[in-house]
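Reading through the structure tokens given below for one structure.
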Amino acid sequence: MRNIVIIGGGAAGLKAAISAAYKYRNGGAEVTVVEKNNRPARKVMITGKGRCNVTNNCDLDTLIANTPRNPRFLYSAFSSFLPQDTMTFFESVGVPLKTERGNRVFPVSDKAVDIVDALVNTVKANGVRIINGEVAAVLTENGKVAGVKLSNSEALPADSVVIATGGASYSVTGSTGDGYRMAKALGHTVTDISGSLVPMNCHEGFCTRLSGLSLKNVTLSLFEKGKKKPVFSEMGEMLFTHFGISGPLVLSASAYVKAGKEYNVLIDLKPALSLDMLDNRILRDFSQLQNKDFANSLDALLPKSLIPVVVKLSGIQGDKKVNQISREERLHLCEVIKNFPLTVTGLRPVEEAIITRGGVSVKEINPATMESKLISGLFFAGEVIDVDAFTGGFNLQIAFSTGYLAGQNV
């Protein structure tokens, strides 16, 4: 009887357990998941704002294109378990799915708990044992896996071990970097760890005054300093915070930020209007407010808290009457509204990130099996590996695909 131990009961670990259980459905192996939280898959519970963007309904090429870090390493994993396989699995265990904007896939119920329950119930239904405990170390003998040692000193024998402990982001969900420590102890290289899909710090002091302001249907463009072409530009929703900016657009843009580079952001507050259209709109508003102060003339155009900031950036005196504003001043106002500027001073800490950038080096993992090239019987799955993707369900698909492949090969 083979003993298979999976460290971590998140998306990747549970998928690895299901995959291994299916492989040995006729016996021959005992599969055990060791999870330190009282409830498995806590991080899955908060994905997609609690709705769980479970995957992206796309093809292999699109998966690769949306994985900026080591995408070719994932080719075999993605090919073995595609988004369509993820969707088929969840619907087969009683979770109807729907595809929304950007091919993002969610449960019809809009409840992440349905995804978590489906994973946990499938694991249990297939005879997998779940132990609530913490792994202190992976045990080896002669270059092969021998078992795991728990923090209470109990040892579990194992012929194969899958490290699926997640990264270092959202540490409150249990992702505290345990897998990196275990991998290093076994001789593996762990690349530099930072956050991806993370809020941004900004230089401008007005961000603090705007804290809590949410902007919808704006276009955010991220520029590397000195470059004219944006590295990221997309329409959506964002949020001002006391430290800078956050929200879906900002998290997506952060995946394009490279260490050691300087960036700035331009926000088009009215992307549906061209400069000429915006100018005409402002002219119409001004014509109805002839004797109003400029500072009191933008209520129909912009959120109230944003108006003082735009007024200051425009260079137009707030007490100037709108009928005295020149065409040049008006056009500059349009430029500010179409290109609202922010200076990025850095990303927030990895603890505040949705996912971790960095992890166990892919050079030391067999991409066809997810097995370590250094220790026989040791496998990796999910965020602990040095791979990450953009928002849209791609990171959970990485977890499911690598988990599936590891489970097939234990």
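The values are calculated or read from the model by the stated rules, or taken from the named source; none is laboratory data. None of these values were measured; they are calculated from a predicted model. Quick reminder, even Gly has a Cβ in these numbers, built from the backbone with ideal geometry, and neighbours come from all protein chains shown.
Of everything listed in (1) touching a helix residue (DSSP H, G or I) at 6+ places or on another chain (Cβ under 7 Å); (2) at pLDDT 95 or above, the single unmet condition for Ser194 is (2). Exactly one residue among Lys184, Lys149, Lys144, Lys225 is surrounded by fewer than 17 Cβ atoms within 10 Å (Cβ to Cβ), farther than 30 Å from Glu30 by Cβ and not polar (S, T, N, Q), and that residue is Lys225. Each residue in the range 211-256 was checked for being under 18 Å from Ile337 (Cβ atoms), more than 17 Å from the chain's Cα centre (by Cα) and among the charged types (D, E, K, R), and 1 pass. Tally up the residues in the range 115-135 that are in contact (Cβ under 8 Å) with a residue 60 or more places away in the chain and outside any loop (DSSP other than H, G, I, E, B), please. Residues meeting the conditions: 11. Please indicate, with yes or no, whether at least one residue in the range 48-69 is in contact (Cβ under 8 Å) with a residue 60 or more places away in the chain, out of contact with any strand residue (DSSP E or B) (no Cβ under 7 Å at 6 or more places or on another chain), within 22 Å of Glu134 (Cα to Cα) and in a helix (DSSP H, G or I). No, the conditions are met nowhere in the range 48-69.
Out of curiosity, is Arg104 surrounded by 14 or more Cβ atoms within 10 Å (Cβ to Cβ), in contact with a helix residue (DSSP H, G or I) (Cβ under 6 Å, 6 or more places away or on another chain), of a type in the set (Lys, Arg) and farther than 26 Å from Asn366 by Cβ? Spelling it out, it is not the case that Arg104 is surrounded by 14 or more Cβ atoms within 10 Å (Cβ to Cβ), in contact with a helix residue (DSSP H, G or I) (Cβ under 6 Å, 6 or more places away or on another chain), of a type in the set (Lys, Arg) and farther than 26 Å from Asn366 by Cβ.
Criterion applied to Thr345, Thr356 was being surrounded by 15 or more Cβ atoms within 10 Å (Cβ to Cβ) and in a strand (DSSP E or B), and the one residue passing it is Thr356.
Listed here are the residues, each with its yes/no results for (1) in a helix (DSSP H, G or I); (2) in the same structural domain as Tyr263 (by TED's automatic domain parsing); (3) modelled with pLDDT of 90 or more.
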position: Asn152; (1), (2), (3): no, no, yes
position: Leu156; (1), (2), (3): no, no, yes
position: Val161; (1), (2), (3): no, no, yes
position: Ala168; (1), (2), (3): no, no, no
position: Val172; (1), (2), (3): yes, no, no
position: Thr176; (1), (2), (3): no, no, no
position: Arg181; (1), (2), (3): yes, no, yes
position: Gly187; (1), (2), (3): no, no, yes
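Figure legend. Inter-residue proximity from the range 230-249: first residues in contact (Cβ under 8 Å) with a residue 24 or more places away in the chain, second residues acidic (Asp, Glu), beta-carbon distance below 7 Å, spacing 6+ or different chains. Indicated pairs: Val231/Glu224; Gly247/Glu237; Pro248/Glu237; Leu249/Glu234; Leu249/Glu237. Residues in the range 250-294 that are in contact (Cβ under 8 Å) with a residue 60 or more places away in the chain, surrounded by 16 or more Cβ atoms within 10 Å (Cβ to Cβ) and part of a helix (DSSP H, G or I): Leu251, Ser252, Ser254, Leu278.
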